[in-house]
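Worksheet: one structure, shown below.
The values are calculated or read from the model by the stated rules, or taken from the named source; none is laboratory data. These numbers were taken from a predicted model, which means no experiment stands behind them. Reconstructed Cβ throughout: ideal geometry from the backbone, glycine too, with neighbour counts over all protein chains shown. Calculation scope for accessible area: heavy atoms of the full protein, side chains included, ligands and nucleic acids excluded. Shrake-Rupley method; radii C 1.70, N 1.55, O 1.52, S 1.80 Å.
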Amino acid sequence: DVKVTQSSRYLVKRTGEKVFLECVQDMDHENMFWYRQDPGLGLRLIYFSYDVKMKEKGDIPEGYSVSREKKERFSLILESASTNQTSMYLCASRDAGTGGQPQHFGDGTRLSIL
Amino acid sequence: TQLLEQSPQFLSIQEGENLTVYCNSSSVFSSLQWYRQEPGEGPVLLVTVVTGGEVKKLKRLTFQFGDARKDSSLHITAAQPGDTGLYLCAGARGSTLGRLYFGRGTQLTVWP
């Protein structure tokens with residue numbers, strides 16, 4: 001069974017802080033993704049990675065960066081947190097290929113920026 | 001701009017009713033996936049459709065991929081309270097990087 005683990009379920013931080021969200025997968029998947037989920041807006045892709053040290057911008061990368069030093073771990077960094085980054089953050093992983101492989105999601109981190 | 005338009009956004013029905021959720025686009029997808037998400041959890045894959053015109057059934061759920069691979073539908077027969085959740089469609093465009101384009105979701109509530 002694929003397991004994607006996000007380090008925190010709930011996190012409260014202050015404006016201007018540097019925030020790290022961690023995600024670990026145990027299935028040796030090449031592809032990993034960070035999304036934010038807001039009511040009525042669905043899942044919006046922030047960044048994704050297709051290999052160690054490789055990253056691609058998604059649709060809303062502004063204010064975020066990522067790090068993938070090891071295959072199993074993909075970190076999302078909020079360089080200077082702002083209140084409009086309060087959201088649910090979801091990490092996912094997927095095996096490489098074009099055959100419609102599913103994305104496997106963690107249970108999310110609900111981040112509040114005060 | 002949303003690549004996949006999903007409708008309706010909200011659906012509130014009584015147990016035993018039928019319903020259909022639609023996912024439409026002007027773009028062609030190599031495959032289309034449907035996920036369900038329950039409160040406090042991440043989305044979980046229900047089905048993947050890859051061939052135009054394909055129909056897949058999962059118990060009371062029927063999924064269809066349009067002939068032109070631009071749209072999909074999810075039909076639930078005799079809905080039950082356990083079907084309550086957020087349903088998300090997501091399309092892939094054939095890249096090995098695995099990026100999906102998600103619709104905004106349909107929040108389904110089934111009342112006993």
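From B:LEU19, B:LEU46, which residue is under 29 Å from A:TYR89 (Cα atoms) and surrounded by 15 or more Cβ atoms within 10 Å (Cβ to Cβ)?
B:LEU46
Checking the structure you have, find out if any residue of the stretch A:43-55 is at the interface with another protein chain (Cβ under 9 Å from one of its Cβ atoms), assigned to a strand (DSSP E or B) and aliphatic (A, V, I, L, M).
Yes, the stretch A:43-55 has at least one match.
Do the conditions hold for B:GLY98, that is, is it surrounded by 15 or more Cβ atoms within 10 Å (Cβ to Cβ), part of a loop (DSSP other than H, G, I, E, B) and more than 12 Å from the chain's Cα centre (by Cα)? It would help to see each step written out before you state the result.
Working: surrounded by 15 or more Cβ atoms within 10 Å (Cβ to Cβ): yes; part of a loop (DSSP other than H, G, I, E, B): yes; more than 12 Å from the chain's Cα centre (by Cα): yes.
Yes.
How about the stretch B:57-107: which of its residues are of a type in the set (A, V, I, L, M) and within 21 Å of B:ASN18 (Cβ to Cβ)? Give the derivation first.
To start, the set of residues in the stretch B:57-107 that are of a type in the set (A, V, I, L, M) comprises B:58, B:61, B:68, B:74, B:76, B:78-79, B:86, B:88, B:90, B:92, B:97, B:100.
Scanning the stretch B:57-107 gives B:LEU58, B:LEU61, B:LEU74, B:ILE76, B:ALA78, B:ALA79, B:LEU86, B:LEU88.
Can you list residue pairs whose Cβ atoms sit under 6 Å apart, with the first residue in the stretch A:12-31 being under 16 Å from A:ARG110 (Cβ atoms) and the second being of a type in the set (A, V, I, L, M, F, W, C) and assigned to a strand (DSSP E or B)? Count only pairs 6 or more apart in sequence or on different chains.
A:LYS13/A:VAL19; A:LYS13/A:ILE113; A:VAL19/A:LEU78; A:PHE20/A:ILE77; A:LEU21/A:LEU76; A:CYS23/A:PHE74; A:CYS23/A:CYS91
Out of the residues in the stretch B:79-95 that are at the interface with another protein chain (Cβ under 8 Å from one of its Cβ atoms) and more than 18 Å from A:GLN37 (Cβ to Cβ), state the one that is surrounded by the most Cβ atoms within 10 Å (Cβ to Cβ).
B:ALA92
Looking at A:SER75, A:SER93, A:SER65 in this structure, which one is over 24 Å from A:THR15 (Cα atoms) and part of a strand (DSSP E or B)? Quick ask: steps written out before the conclusion?
Details: A:SER75 fails: over 24 Å from A:THR15 (Cα atoms); A:SER65 fails: over 24 Å from A:THR15 (Cα atoms).
Exactly one residue qualifies, and that residue is A:SER93.
So B:SER27 fits all but one of (1) more than 14 Å from every other protein chain (Cβ to nearest Cβ); (2) in contact with a helix residue (DSSP H, G or I) (Cβ under 9 Å, 6 or more places away or on another chain); what number is the exception?
With (1) more than 14 Å from every other protein chain (Cβ to nearest Cβ); (2) in contact with a helix residue (DSSP H, G or I) (Cβ under 9 Å, 6 or more places away or on another chain) applied to B:SER27, the lone miss is (2).
One residue is enough: does the stretch B:62-73 have a residue meeting the conditions of a type in the set (Lys, Arg), open to solvent by 10 Å² or more (accessible area, probe 1.4 Å) and either in a strand (DSSP E or B) or free of Cβ contacts under 8 Å to residues at least 24 places away in the same chain (or both)?
Checked against the condition, which is being of a type in the set (Lys, Arg), open to solvent by 10 Å² or more (accessible area, probe 1.4 Å) and either in a strand (DSSP E or B) or free of Cβ contacts under 8 Å to residues at least 24 places away in the same chain (or both), the stretch B:62-73 yields no hits at all.
In the stretch A:78-87, which residues are crowded, with 16+ Cβ neighbours inside 10 Å and either more than 21 Å from B:GLU41 (Cα to Cα) or not polar (S, T, N, Q) (or both)? Before the answer, list the steps.
So the first thing to find is which residues in the stretch A:78-87 are crowded, with 16+ Cβ neighbours inside 10 Å, and the list is A:78, A:81, A:85-87.
Correct list: A:LEU78, A:ALA81.
Being open to solvent by 70 Å² or more (accessible area, probe 1.4 Å), among the β-branched types (Val, Ile, Thr) and touching a residue at least 40 places away in the same chain (Cβ under 8 Å), is that true of even one residue in the stretch A:90-104?
Among the residues of the stretch A:90-104, not one is open to solvent by 70 Å² or more (accessible area, probe 1.4 Å), among the β-branched types (Val, Ile, Thr) and touching a residue at least 40 places away in the same chain (Cβ under 8 Å), which makes the answer no.
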